[in-house]
Amino acid sequence: MIWIAIRMLTGDAQKFFGLVFGIAFSTLLITQQLTIFVNLLERGASGVYNVSSADIWVMDPVSRTTDVAYAMPSTALDKVRGVPGVEWAVPHIRANASVRTKDGDLEGVAVIGVDDATLIGLPKNMVEGSADVLSRPDSVIIDDVGTTRMFPDQSPIGERLELNDQRAVIRGIADAIPSFTSTVVLYTKYSNALNYVPGTRNRLSFVLVGAEDPAAAKTLSERIERETGLKAQTREEFARDGVQFIIDNTGIPLNFGITVALGFIVGVAIVGLTFSLFIRDNIKQFGALKAIGVTNGKIRRMVAAQAGLVGLIGYGLGVLGTVGFISAFSSDPTFKGFYIPWQIPIISLVAVALILGLTGWLALRSVLKTEPAAVFR
Amino acid sequence: MALDIKSLSFTRQILPLIAVIGLVLAAFYILSGQPDRELSDPDREPPRAPEALANEARVAGSGVVEPSSELVQIGSALSGLVTGVFVQPGERVSEGQTLFTVDDRQVRAQLREAEAAIGEARAAIAEAQSAEATASRQLALYRSVDDPAAVSRSEVIRAEGEASAAAERLRLARARLDAAQARAASARTEIGRLTIRAPIAGEILAVNIRKGEYVSTMGGGGSQPFIEMGQTQPMHVRIDIDEEQAPRIALGQPATVSPRGAAEQQVKASFVRAEPLVVPKRSLTNSAAERVDVRVLQVIYELPASATGDTGIFRVGQQVDAYIPARQSK
């Protein structure tokens, strides 16, 4: 009986492909737009995620994100080290500077100074060179996206820059997720960074903390706040702060929300129309089935099977399209680090189920009311 | 529903198959493409609180290794050209050992002048003595003559005058000798001051002058001290504690100290004293424009002998991280 339903569905190839296209298109729209939306938002947290070993970030109470930070006096480091439960704490400086390139151009860069002794604060992986190059004088490590912006079509290794009248030599490329603004990032030692960034009185932007017990980072961060009067955020909290900053300060959520809603509406419209047209066309067949004694429950199951097949094919092709899109653009520096969160295909699956359920239910109402005699009309 | 190649339908069989395979591939891609956000341990050991203090109240500070005598910056009392440097960095010297000498030719010339003046004064004394002897004998002769007609009164007065003048000349010559001797002694003192000696026993840490350079009493070029030395047995560390943390520190307890870059090599340092004066934090960034508003309590600890010396991990001037137990208040 289910097989008959499937044959019935695929009998009219135009309508069938119309249905599949509608579902595939709205899946693609929802999945792809949500993916880009989430990844753009997470650009706000990339500064936090690039540092792979810190459980807690400690900062001035007015600091908000990795890029919007107010510097603290250098003794804040020792205050944090004195809190029980802190396994280690290292200084971390983030500041903006202007760099003069060899061509004489001015480029805004973010200078990140990592702890001199341990290099905690560098991204986990390097594209070229090793983190040890920072022990050589005047060394900086550039991030890979910055490379494409500042040195298109050439290797930046060995290039000299001028930062605050100081010499800086690029000796490595780090594998880092770019920030929301895709600023060129130069990693260097804390002591070098102090020279590269024009001086203000206090320089220490963050203290990175490793917890004795990483699972209890939340309680430790509360204790640090209580004992030092500074603001302490766990890695996850601080990543969320970065995302929230983008949500609060840009129109991205609204724009993408509209696109996702459009995807849903287009899906409902195309699929709903085609599906109800298809059911109406086949009302005679349903009537005949009823005439030979097929129950309403069976007909419901038949329509569900039809909807299921359309959903499966459409959803599969839509997700495949998104995956193809993301993987095709993954080498583009703009899309560096983009990934499809596993929750998003599930959200679009729910959306597809909603579209099909809604339209199927609407179309079924007429079928269920059909009398077996309809076959003779 | 037997599958038959001939009756294989594109819409009913191949398309669903493509969709299922596509879903599986997509699931694989999505799950393998999740970002790596695992926390990782740092590659290099950061300074950690010692086991005993891991979950205890504690105070942390950073500081600098210094000699137990503190750093002695040797100066020069007189200016001039350096004629010899007799120590090298790393050398151990005893108190009073010559460190370097400054050109003393001019002072030696003055000494020779003074010595010649001494000889001259001695000759003058001898001459004055013989003149005085002659004059006093002459006077005695005149006085011994009783006949007033034999010696005139004026002859006697002249002889008396000559005798007293000779005595005065002798006194003058003696005074000249004293003056010349004083000049010679002062030249010798100057020569002594041109030889700069070690004020204490200790180790030479830096030598910033070379033979032929000019030393002035105002300090060396670039305000570098000429020679830096200090007693490095034992060595001390001077730990800066934020003034807000200062009341919590348990003074008298040993501190756990590790050098920068070798955080796993922690040693116990025994308490020496806390400086009575709370000072503005001396910045370690060497930036001239830096101002400070943070004050620190400086606490001094003594490093164990095993961690210092030629094979030790601590060197003078090195930065260290320290953990000190806090006072048990609760």
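Neighbours of B:Ser164, meaning other residues whose beta-carbon lies under 12 angstrom from its beta-carbon, give a summed charge of -1 when Lys and Arg score +1 and Asp and Glu score -1.
Amide H to amide H, with H built 1.01 Å from N, B:Ala274 comes under 5 Å of B:Ile300, counting only residues 5 or more places away or on other chains. Counting only residues at least eight positions apart within a chain, or on another chain, the lysines with an alpha carbon under 22 Å from that of A:Lys290 are A:Lys298, A:Lys369. Ranking A:Ile246, B:Val85, A:Asn164 by how far each Cα lies toward the positive end of the dipole of the protein assembly as shown (charges on Cβ) leaves A:Ile246 at the top. Using Cβ point charges alone (K and R +1, D and E -1), the dipole size of the range B:105-193 about the Cα centre works out to roughly 660 debye. Past the 24 angstrom mark, what percentage of all C-alpha to C-alpha distances in the range B:133-269 do you count? Cα-Cα pairs in the range B:133-269 separated by more than 24 Å: 70 percent. Reported value for the range A:228-375: 159 Å³ per residue, from the convex hull of its C-alpha atoms. Can you give the % of DSSP beta bridges in chain A that are antiparallel, to the nearest 5? That works out to approximately 75 percent antiparallel. If r is the Cβ-Cβ distance from B:Ser154 to B:Thr134 and R0 is 30 Å, what FRET efficiency results, to the nearest 0.05? The computed FRET efficiency comes out at 0.95. Across chain B the C-alpha pair distances fall into 10 Å bins from zero in the proportions 5, 14, 15, 12, 10, 8, 8, 8, 7, 5, 3, 1, 1, 1, 1, 1, 0, 0, 0 percent. Distance from the C-alpha centroid of the range A:153-189 to that of the range B:25-98: 27 Å, rounded to the whole angstrom. The ranking of B:Arg197, A:Arg167 by Cβ neighbour count inside 10 Å, starting from the fewest, reads A:Arg167, B:Arg197.
For the protein assembly as shown, the residue among A:Val260, B:Ile125, A:Ile2 whose Cα projects farthest onto the positive side of the dipole built from Cβ charges is A:Ile2.
Cβ crowding within 10 Å, taken as a proxy for footprinting-reagent exposure, orders B:Met235, A:Met126, A:Met302 from fewest neighbours to most as A:Met126, A:Met302, B:Met235.
Close amide H partners of A:Arg94, meaning residues 5 or more places away or on another chain with modelled amide H under 5 Å apart, are A:Gly113, A:Ser205, A:Phe206. Among the lysines, which fall within straight-line cross-link reach of A:Lys79, defined as a Cα-Cα distance under 21 Å, with same-chain neighbours fewer than 8 residues apart omitted? A:Lys79 reaches A:Lys218, A:Lys231, B:Lys268, B:Lys281, B:Lys330. Based on Cα atoms of the range B:105-193, Rg over Rh with Rh as the Kirkwood radius reads 1.30. Just to confirm my numbers, what's the Cα centroid distance between the range A:249-325 and the range B:173-242 in Å? For the range A:249-325 versus the range B:173-242, the Cα centre distance is 96 Å. Placing one equal scatterer on every Cα of the protein assembly as shown and applying the Debye formula, the log10 ratio I(q)/I(0) at q = 0.10 Å⁻¹ is -1.04. With neighbour counts taken as other beta-carbon atoms within 10 Å, the residues A:Leu354, B:Leu177, A:Leu289 rank, fewest first, as A:Leu354, B:Leu177, A:Leu289. The Cα atoms of the range A:61-229 cover 50, 31, 30 Å along the three principal axes, with the biggest extent listed first.
With contacts taken as Cα pairs under 8 Å at a separation of at least 6 residues, the range A:61-229 carries a relative contact order of 34 percent. Relative contact order, whole percent, for chain B stands at 28, derived from Cα pairs under 8 Å and 6 or more residues apart.
For A:Val127, neighbours were defined as the other residues whose beta-carbon sits under 13 Å from its Cβ, and their charges (Lys and Arg +1, Asp and Glu -1) total -1. Rg then Dmax, both in Å and based on the Cα atoms of chain A: 28.9, 92. For A:Asn164, project a label point 7 Å along Cα to C-beta. Then give me every residue of the range A:206-232 with its amide nitrogen under 17 Å of that point. The answer is A:206. Computed about its Cα centre, the charge dipole of chain A is approximately 2120 debye, with only Lys, Arg, Asp and Glu carrying charge at their Cβ. Calculated from the alpha-carbon coordinates, the range B:1-141 shows an Rg and a Dmax of 50.2, 171 Å respectively. Over chain B, DSSP H runs of length four or greater, each weighted -39,500 (n - 2.57), average out per residue to a 222 nm ellipticity of -11000 deg cm²/dmol.
When the charge dipole of the protein assembly as shown is built from unit charges on Cβ atoms (+1 for Lys and Arg, -1 for Asp and Glu) and taken about the Cα centre, the candidate among A:Phe338, A:Gly293, A:Gly85 whose Cα reaches farthest toward its positive end is A:Gly293.
Rounded to the nearest 20 debye, the dipole magnitude of the protein assembly as shown is 2820 debye, with +1 charges on Lys and Arg beta carbons, -1 on Asp and Glu beta carbons, and the Cα centre as origin. For a straight C-alpha distance cut-off of 17 angstrom, the aspartates and glutamates reachable from A:Lys124 (same-chain residues fewer than eight places away being disregarded) are A:Asp55, A:Asp115, A:Asp116, A:Asp132, A:Asp143, A:Asp144, A:Asp175, B:Asp36, B:Glu38, B:Asp41, B:Asp43, B:Glu45.
Each Lys or Arg adds one and each Asp or Glu takes one away; over the other residues whose Cβ falls under 14 Å from the Cβ of A:Pro333, this sums to -2. Each label point was placed 7 Å from the Cα along the Cα-to-Cβ direction; for A:Asp332 and B:Arg122 their separation is 10.5 nm.
Counting only DSSP beta bridges whose two residues both lie in the range A:133-190, roughly 55 percent are antiparallel.
Since every read-out is calculated from the coordinates, none of them should be taken as a lab result. Since the model is a prediction, treat every value here as computed from it, not as a measurement. Reconstructed Cβ throughout: ideal geometry from the backbone, glycine too, with neighbour counts over all protein chains shown.
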